[in-house]
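Heads up, the thing below is written out as structure tokens.
The values are calculated or read from the model by the stated rules, or taken from the named source; none is laboratory data. Just so it is clear, the structure is predicted and the values come from calculations on it, not from any experiment. All Cβ positions, even for glycine, are placed from backbone atoms using ideal geometry, and neighbour counts span all protein chains on display.
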Amino acid sequence: MIFKNVECLFLLLLLIPYIIWYVLYKKKKEPTLQVSDTHAYINAPKTYKYYLLHFPFLLRIIALTMLILVIARPQTTDNWQNTEIEGIDIMMAVDVSTSMLAQDLKPNRIEAAKSVAEEFINGRSNDNIGLTVFAGESFTQCPLTTDHAVLLNLFRDIDCSIAERGMIDDGTAIGMGIANAVSRLKDSKAKSKVIILLTDGSNNRGDISPLTAAEIAKNFGVRIYTIGIGTNKKTAPYPIQTPMGIQYINQPVEIDESTLTQIASISDGEYFRATSNETLSRIYEEIDKLEKTKLNVKEYSKSQEEYQLFAWIALICVILEVLLRHSILKRIP
């Protein structure tokens, strides 16, 4: 049972001062008989009227409570809902080569990419999302999952240090990044399969060319959205470690927009260019709109007023109080 006007239930709080008033003052203001000494009546038997003395007040409290519940409009509902969700499987392929440390985006390219991607993941609660990272090689950081808390934790852990420390070869193997992501999506039963590829360079490593990987993706029904991240200027500040500490040098911005555009075109996706944190955020918003999950909901709802019982109880209490006060509990002025 629910109440249509649930705020009216706060009127029940008004009964508390009314009860206090009755207990503290009512009996003092309405004496029925004044005598100088009650010692003579100490052993007098108490009749049933003594026990019914406060019964009219109790009936009045019940009646007021029932009337407040009537005003709050109690209802019962009978509804059913049938929801069908067409899931989307998304693999995010992120470049972690050392060039992603360039600081033309704030604080740098890799951290900006992670921050915006986290917001994107948080807005896709119904989708399977996984993460592939690549530099000169590629590996899966997180397979497809709906446990986005785990995915986000693994996503926050990625940085360019794996290439800096030589754990994987440095460079940019775009084709390998796509191929790795496709391998995670090829057996998916989802009607829509997507790769979001983010890189700041041109392919210079790997055994699979980017366009060949795009053809493979197309054969498996995978659509690729490519994002080239980096300023429109010819160079960008890049940190290097020296005996004197971290120094910054300007390195050329070399994004192979032609290849990224072809990858998107072959797989029926789109290419975007992110030149700042704001444009990167808008790109993910655009992809979010293009790849919205379809949600079909069938809902039936029927509400029925259920005030009648409360109204009858209130009426009966009022009638009983009137009868008692004008019969066995009648007072003579």
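Name the residues in the range 285-307 that are modelled with pLDDT of 75 or more, within 19 Å of the chain's Cα centre (by Cα) and surrounded by fewer than 12 Cβ atoms within 10 Å (Cβ to Cβ), would you?
K289
Being part of a loop (DSSP other than H, G, I, E, B) and under 17 Å from Y225 (Cα atoms) narrows it down to one residue among R184, R124; which is it?
Result: R124 is the single residue among R184, R124 that is part of a loop (DSSP other than H, G, I, E, B) and under 17 Å from Y225 (Cα atoms).
Only one of these is farther than 23 Å from R205 by Cβ, touching a residue at least 12 places away in the same chain (Cβ under 8 Å) and buried (at least 23 other Cβ atoms within 10 Å of the Cβ): I121, I110, I129. Name it.
I129
So, Y248, is that one within 38 Å of the chain's Cα centre (by Cα), at pLDDT below 95 and among the aromatic types (F, W, Y) or not? Write out each step before concluding.
Values: within 38 Å of the chain's Cα centre (by Cα): no; at pLDDT below 95: yes; among the aromatic types (F, W, Y): yes.
For Y248, the condition - within 38 Å of the chain's Cα centre (by Cα), at pLDDT below 95 and among the aromatic types (F, W, Y) - is not met.
Kindly evaluate A217 against the criterion of being of a type outside the set (K, R), outside any strand (DSSP E or B) and surrounded by 19 or more Cβ atoms within 10 Å (Cβ to Cβ). Steps first, please.
Working: of a type outside the set (K, R): yes; outside any strand (DSSP E or B): yes; surrounded by 19 or more Cβ atoms within 10 Å (Cβ to Cβ): yes.
So A217 passes the test.
Among what's in the range 222-264 and is among the polar types (S, T, N, Q) and in contact (Cβ under 8 Å) with a residue 24 or more places away in the chain, pick the residue that is nearest to V182 (Cα to Cα). Let's see the steps before the verdict.
Filtering the range 222-264 for residues among the polar types (S, T, N, Q) gives 226, 231-232, 235, 241-242, 247, 250-251, 258-259, 261-262.
Now narrow it down to the ones that are in contact (Cβ under 8 Å) with a residue 24 or more places away in the chain: 226, 231-232, 251, 259, 261-262.
Values: T226: 14, T231: 29, N232: 30, Q251: 32, T259: 18, T261: 18, Q262: 17 Å.
Looking at the filtered set, the residue picked out is T226.
Given the residues K26, K46, which is the only one that is modelled with pLDDT under 85 and exposed (fewer than 10 other Cβ atoms within 10 Å of the Cβ)?
Numbers: K26 fails: exposed (fewer than 10 other Cβ atoms within 10 Å of the Cβ).
None of the others qualify; the one that does is K46.
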